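Single-structure report; data block below.
The values are calculated or read from the model by the stated rules, or taken from the named source; none is laboratory data. Remember, it's a predicted structure, so these values are computed and weren't measured experimentally. Here Cβ is always computed from backbone atoms with ideal geometry, including for glycine, and neighbour counts include all displayed protein chains. Accessible surface is based on the protein model in full, side chains and every heavy atom, while ligands, DNA and RNA are left aside. Shrake-Rupley method; radii C 1.70, N 1.55, O 1.52, S 1.80 Å.
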Amino acid sequence: MPVAATVGSTHRPLRDVVATEMRRLILDGTLRPGERLIEDRLAEQLGVSRNPVREAIRVLEGEGFLDVAARRGSFVATLSAKQAADLFEIRLALEPLGARLAAREESPARIARMKEILTRAQTDPEHSDLDTLAELHTELHSLIFEMTGNTYLTAMAIPMVKRGQWLLRQSAPLRTPDAWSEHHGLIAAIELGDPDLAEVLARHHVLSVRSTTRVAPPPATD
């Protein structure tokens, strides 16, 4: 179904709907690292005009999914082992801070949604769609940052979380219930208002994910 057909039900700007779909195409490998984007082709594929595609390209460039070069066009970014290591360094700085600040705030609605995500993710994950699991993981961590109420932190962290989804789809065991279990303690610490514990558990989580994540080798070129 063209993405334009879903706009009325989501009440989201068309640019954001297109960016979400393009991000999904990158994450699932339909758009491969290094591939040049053809705006007309994408617009036809997604059932929209070129303008929202161009706006979505700017969004995804800001998130690190695309490289845009003057007079050369837009290309799907590559994620090297060095870039993955750099991403985890940033996660180790921002996620413990986010958890600490979130634990100082009260947001029952966000806490409830996090618990719903865990329940859904741990219900037969072995047979769940990997795109859905990755989206749930991204939403969960985004909710923690949103709960802080710190707009500067959120502006930096949400693109990082979305870029991290690329790594999650490559190798993290999202279809394994244990991959989600440590989130229970993190959410409980935030709900209890224990900043110290929340910070420690968030750091442990990032380190745990880093130890199980491997960057896939770049695709072979013809």
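In region 177-190, the count of residues that are open to solvent by 50 Å² or more (accessible area, probe 1.4 Å), at pLDDT below 90 and farther than 19 Å from ARG113 by Cα is one or more. Evaluated against (1) under 20 Å from VAL209 (Cβ atoms); (2) buried (at least 18 other Cβ atoms within 10 Å of the Cβ), LEU101 falls short on exactly one condition, (1). Evaluate the following for PRO159: is it modelled with pLDDT under 95, farther than 20 Å from LYS115 by Cβ and not in a helix (DSSP H, G or I)? Considered against the rule, which asks whether it is modelled with pLDDT under 95, farther than 20 Å from LYS115 by Cβ and not in a helix (DSSP H, G or I), PRO159 comes out as no. Any residue in region 80-87 that is surrounded by 20 or more Cβ atoms within 10 Å (Cβ to Cβ) and among the basic types (Lys, Arg)? There is no residue in region 80-87 that is surrounded by 20 or more Cβ atoms within 10 Å (Cβ to Cβ) and among the basic types (Lys, Arg).
Contact annotation: residue pairs with Cβ atoms under 6 Å, 6 or more positions apart or on different chains, pairing a residue in region 47-69 that is under 15 Å from LEU79 (Cα atoms) and part of a helix (DSSP H, G or I) with a partner that is open to solvent by 40 Å² or more (accessible area, probe 1.4 Å) and not aromatic (Phe, Trp, Tyr), are GLU61/VAL68; GLU63/LYS162.
Under 8 Å between Cβ atoms, at least 6 apart or on separate chains: pull out the pairs that start in region 131-142 with a residue that is farther than 21 Å from ILE190 by Cα and part of a helix (DSSP H, G or I) and end on any residue that is at pLDDT 85 or above and among the charged types (D, E, K, R). Every condition considered, the pairs that remain are ASP131/ARG24. The sole residue among ALA84, ALA109 that is in a helix (DSSP H, G or I) and within 18 Å of LYS162 (Cβ to Cβ) is ALA84.
Scanning region 52-79 for residues that are buried (at least 21 other Cβ atoms within 10 Å of the Cβ) and among the aromatic types (Phe, Trp, Tyr) yields one hit, PHE65. Here ILE187 fulfils each of the conditions (1) closer than 25 Å to ARG23 by Cα; (2) in a helix (DSSP H, G or I) apart from (1). Would you check which residues across region 111-121 are surrounded by fewer than 18 Cβ atoms within 10 Å (Cβ to Cβ) and free of Cβ contacts under 8 Å to residues at least 60 places away in the same chain and list them? Residues satisfying the conditions are ALA112, ARG113, GLU116, THR119, ARG120.
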